[in-house]
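All remarks here apply to the structure that follows.
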Amino acid sequence: MLKRSNSSSTLSRFNGFVATALASLFLGLGSACSQEASPGGDFTGERLAAWPTASWPTNGGNLFNQRYSPLTGINRDNVGQLRGVWRTRLGGSGVAEKYSGEAQPIVHDGVAYIVTGADDVFAISVETGDILWIYEANLDQSIDVICCGWTSRGVGLSEDKVFVGQLDAHMVALDRQTGEVVWDTQTEYWEDGYSLTSAPLYYDGLVITGFAGAERGIRGRVKAYDADDGSLVWTFYTVPGPGEFGSETWPQPGDPYADVYLYGGGSVWQTPAVDPELGLVYFSTGNPGPDFAGYVRAGDNLFTTSMLALDVYTGEYRWHFQQVHHDIWDYDAANPVVLFDIEIDGEPRQAIAEASKTGWVYILDRVTGEPLLGIEERPVPQEERHLTSPTQPYPVGDSFIHQFIDIAPLGYPPLVNQARIFTPFWMEGTIAMPGPFGGANWPPSAYDPQSGTLYVCANERPGLFRGGEMENDLPEMPGDSYIGGFFGHVDFPNNGILAAMDMHTNTIVWRQRWEQFCYSGVLATGGGLLFTGQSDGRIMALNSSDGSVLWEFQTGAGLNAPVSTFEHNGEQHIIAYSAGNLFASSPRGDSVWLFSLGGTMDEARAEDFEPNVAEAVHQ
């Protein structure tokens, strides 16, 4: 029967929605609910590192975060025949303005798992689209420390549990078959500025997650928990404390700002990657805090705006590479890191890459952290009041967006340094490209191992940078706003960019400019296709060789979440969560869509897409 957990409310809150679901289940359409959990073999490191086929078991498809499937059932020749199989509504969960639908669907054993921006989790039968169980998070609506919309980017999955990191900083483990709470760990306190927005990663008995909240004066961290009982296994601080390696890149004892490391930022916005053979976990970090007031934090500010590798079982530091020294532009590394093996100059290499807000892809040796193709330190313009770094890293190859503006927009200050990347600023304000939104933000990239191509979903959006003088140099209370400046938008053409980057050379293969922001991420398949979404509601299939559109379908709400694919009963399916997004200015909804070549659903009428707000779970 349909389960509801962690809720004091009754089934009547779903009104007709739940009644319909129950009727379907009593007719026997929810048989997947009684399936036994898969044997542990499906969740070994070896299996999770492989390309996904019959399931989509991790947020990135596999432990390497490649978001690639070798399935060829849907390909360039037949994708035009793709149709909807079913659409399931989620009872209005997460449709209010403050929510964003960014979760990548997880699929295993004939069940799809979706979490909404309200942290409600739904288990859905792949066969029928019926809801098997619901977990309601019942978040405290007084939470006021969320940076970038109330959102969750997905759940984690193990042999017997579903893991969800919540905006109130709870990590919750649910029984995969019933949705009942197995354990609930208070990881930190939201009142202190901490939140969990990324999908937790399950690996070999561990649940690994990073913490958001740099804009609220947190000290960034990554933690690993025991998957059986939720107990803490290890913690790694992305801002080192006094005497620890990297602490010399922060103000030292005797400096009036010696305690700034306690509020130093370094959020982790995305799900880490793991190499089981090397025993390493990889992730990247956000900007230092305060964002736009560098004068309080002399030094390069490790390990902010960096890529890192840790021992997956102990959390011990192995290596780092900093993309931006002493970041004052909010160029935090928000895109998921991607692992792959590739031949460069005739030599096989183990690589890690990340597309950044700066507009570059940083390609490193994942064993050592050294650049594979070269990254040059170049002098950059200075602002002494911000204590700016004299040099910044410039990767060899192409940037996937423009990094300058040639003509000033009407009504804005004259351009300094052609508004190029790393242009310094102070309180009077300066335009620079890219702005704080990138470049490549959180929407994940996809890697095709057959061609060695990384597909990057990005935006070309300048920013007005203004800041440097703060009324309070350190937060007066935990959880206080800690930015030290102003997130400014520019009345200037803003575009989405979809770019194909050759990882052998870090050069552009092709690029597209979109009128809408690219705000959903990318899925690559062996059928020569890319699946992505548009903020106007379209899901699209593109030819991966040139980006041409081969198929599209209107889902009725902003398609601002990554798409997943899997094979079920011998047929390839595409699954997408259509809900809209706070920052993409997209229509709202509460739908999960399943597509296949055998589907029969054409695009529904416009009036069918409006969520029933009266029956919403959370408002």
**Request:** Rounded to whole Hz and in sequence order, give me ³J(HN,Hα) for the stretch 466-475 from the Karplus expression 6.51 cos²θ - 1.76 cosθ + 1.60, θ = phi - 60°, writing x for Gly and Pro.
**Result:** 8, x, x, 10, 10, 5, 10, 5, 10, x
**Item:** Amide proton proximity set for residue 564, modelled H, under 5 Å, gap of 5+
**Value:** 575
**Asked** Can you list the HN-Hα couplings for the stretch 516-526, worked out from phi with the Karplus curve (6.51, -1.76, 1.60; θ = phi - 60°), rounded to whole Hz and with x for Gly and Pro?
**Response** 8, 5, 8, 9, 10, x, 9, 10, 10, 10, x
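Quick check: net charge around residue 440, other residues with Cβ under 12 Å of its Cβ, Lys/Arg +1 and Asp/Glu -1?
Numbers: positive: 357, 461; negative: 332, 354, 460.
Once positives and negatives cancel, what remains is -1.
How much net charge surrounds residue 55 when only the other residues with a Cβ under 12 Å from the Cβ of residue 55 are counted, with Lys and Arg +1 and Asp and Glu -1?
Net of charged neighbours comes to -2.
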**With Cα atoms, 0 to 90° folded angle of helix 15-24 axis to the chain main axis** = 60
**Item:** Inter-label distance, nm, simple model (7 Å from Cα along the C-beta direction), residue 406/residue 252
**Value:** 4.7
**Request:** Answer with a single label: of (1) 24.2; (2) 36.3; (3) 25.6, which was calculated as Kirkwood radius over Cα pairs in Å from the structure in view?
**Result:** (1)
**Item:** Residues with amide H under 5 Å from that of residue 495, placed H, sequence gap 5 or more
**Value:** 460
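Sum up the charges of everything whose Cβ sits under 13 Å from the Cβ of residue 247, counting Lys and Arg as +1 and Asp and Glu as -1, but leave residue 247 out. Please report the intermediate quantities before stating the final value.
On the way: positive: 219, 297; negative: 244, 248, 255, 259, 300.
Local net charge: -3.
By how many nm would the segment from residue 477 to residue 603 lengthen if fully extended, with 0.36 nm per residue of separation less the alpha-carbon distance?
Working: separation 126, 0.36 × 126 = 45.36 nm, distance 5.09 nm.
Taking residue 477 through residue 603 to full extension adds about 40.3 nm, to one decimal.
Relative contact order (percent) for the chain, with alpha-carbon contacts under 8 angstrom and 6 or more residues of separation?
Details: 1873 pairs, mean separation 97.5, N = 619.
So the answer I get is 16 percent.
Using R₀ = 25 Å, calculate the FRET efficiency as 1/(1 + (r/R₀)^6) where r is the Cβ-Cβ separation of residue 226 and residue 317; round to 0.05. Before the final figure, lay out each step's value.
Values: r = 21 Å, r/R0 = 0.86.
Efficiency, rounded to the nearest 0.05: 0.70.
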**Asked** Hey, what do the phi angles of the stretch 484-498 turn into as Karplus ³J(HN,Hα) couplings, whole Hz, using 6.51/-1.76/1.60 and θ = phi - 60°, x for Gly and Pro?
**Response** x, x, 9, 7, x, 9, 10, 6, 8, x, 10, 9, x, 10, 10
**Request:** Using the number of other C-beta atoms within 10 angstrom as an exposure proxy, rank 357, 223 with the fewest first.
**Result:** 223, 357
**Message:** Amide H of residue 312 versus every other amide H placed in the peptide plane: which residues, excluding those fewer than 5 positions away on the same chain, fall under 5 Å?
**Reply:** 280, 281
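Only the coordinates and a few stated rules stand behind these numbers; no lab work does. These numbers were taken from a predicted model, which means no experiment stands behind them. Heads up, the Cβs are rebuilt from the backbone with ideal geometry, glycines too, and the neighbour counts pull from every protein chain shown.
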